[in-house]
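Visitor: Structure provided below as structure tokens; questions to follow.
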Amino acid sequence: MGGNFAAIVCQALKRAGEPQPALQLLIYPCVDVASETASMTTYADAFPLSRAMMDWFMGHYLGPADDPADPRLSPIRETDLKGLAPAVVVTAGFDPLVDQGEAYARKLKDAGVPVAYRCYDSLAHGFTAFTGAVGCADVACREIAGLVREGLEGRIA
């Protein structure tokens, strides 16, 4: 839920009139706990993040009175994303969350937020933890580090 929290924090800072961080790094973010996207069905049995695991996480994340459509839980539901920090949004191709991350990157870009979006089609959720065992995960993480550098240098459009 790190990407979820990072997006929510940036939005909360904006609402409070506080400065934004230098960059948002959203790696395979869950940004819409209220919707069922196509990838949630397509990759329902993916490893290491399956639909059953997502349901378990959401059952522990959301309280009985919580509204999943509240932007403080589903940051993609925020109507005004203008003025948020530049973002690096990364998704994995075999991931129930791939559609959410791509949609949020597009929504940020449409709001004028500088965004670098990458989808690593051959990888699954959690690939950043597999760099020692999966060569292309290591390559992806090195590329992500480069995108972060570009973002911190103000070179993402």
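Bear in mind these aren't lab numbers, they're just calculated from the coordinates by the rules spelled out. These figures come from a predicted structure and were not determined experimentally. Using ideal geometry, Cβ is built from the backbone for each residue, glycine included, and neighbour counts are taken over all protein chains shown.
Visitor: Based on the Cα atoms of the stretch 1-40, what semi-axes does the equivalent ellipsoid have, where each is the square root of 5 times one gyration tensor eigenvalue, given in whole Å with the largest first?
Guide: 23, 12, 6
Visitor: Put +1 on the Cβ of every Lys and Arg and -1 on every Asp and Glu Cβ in the chain; which of LEU84, ALA103, TYR120 then has its Cα farthest towards the positive end of the dipole?
Guide: LEU84
Visitor: Which whole-Hz ³J(HN,Hα) couplings does the stretch 27-43 yield from phi under the Karplus relation 6.51 cos²θ - 1.76 cosθ + 1.60, θ = phi - 60°, glycine and proline marked x?
Guide: 9, 5, x, 9, 10, 8, 7, 9, 10, 10, 8, 4, 5, 5, 7, 4, 10
Visitor: Still on this structure, I have one more. Could you run the Karplus curve 6.51 cos²θ - 1.76 cosθ + 1.60 with θ = phi - 60° over the stretch 146-157 and give me ³J(HN,Hα) per residue in whole Hz, x for Gly and Pro?
Guide: x, 5, 4, 4, 4, x, 5, 8, x, 9, 9, 9
Visitor: Over the chain, with a Gaussian network built from C-alpha contacts below 10 Å, which listed residue (VAL88, VAL115, VAL134) shows the highest mean-square fluctuation?
Guide: Of VAL88, VAL115, VAL134, the Gaussian network model singles out VAL134 as fluctuating most.
Visitor: Out of residues 5 or more away from ALA116 or on other chains, whose amide H comes under 5 Å of its own, with H placed 1.01 Å from N in the peptide plane?
Guide: ALA87, VAL88, VAL89
Visitor: Semi-axes, largest first, in whole Å: what does sqrt of 5 times each Cα gyration tensor eigenvalue give for the chain?
Guide: 23, 22, 12
Visitor: Now for a different question. For the residue pair THR37 and ARG15, what label-to-label distance in nm results when each label sits 7 Å from Cα along the Cα-to-beta-carbon direction?
Guide: 2.2
Visitor: Run the numbers on the chain and let me know its relative contact order in percent, using alpha-carbon pairs under 8 Å that are six or more apart.
Guide: Relative CO of the chain lands at 26 percent.
Visitor: While we're on this one: Using +1 at the Cβ of each Lys and Arg and -1 at the Cβ of each Asp and Glu in the chain, identify which of THR41, ALA69, PRO29 lies farthest towards the dipole's positive end.
Guide: PRO29
Visitor: Over the chain, with a Gaussian network built from C-alpha contacts below 10 Å, which listed residue (ALA124, ALA145, ALA65) shows the highest mean-square fluctuation?
Guide: The residue that fluctuates most here is ALA65.
Visitor: Now for a different question. Given Cβ point charges of +1 (Lys, Arg) and -1 (Asp, Glu) and nothing else, what value in debye, to the nearest 20, does the dipole of the chain about its Cα centre take?
Guide: 460
Visitor: Using a Förster radius of 35 Å, what is the FRET efficiency between CYS136 and ALA69 based on their Cβ-Cβ separation? Nearest 0.05, please.
Guide: With a Förster radius of 35 Å, E is 0.45.
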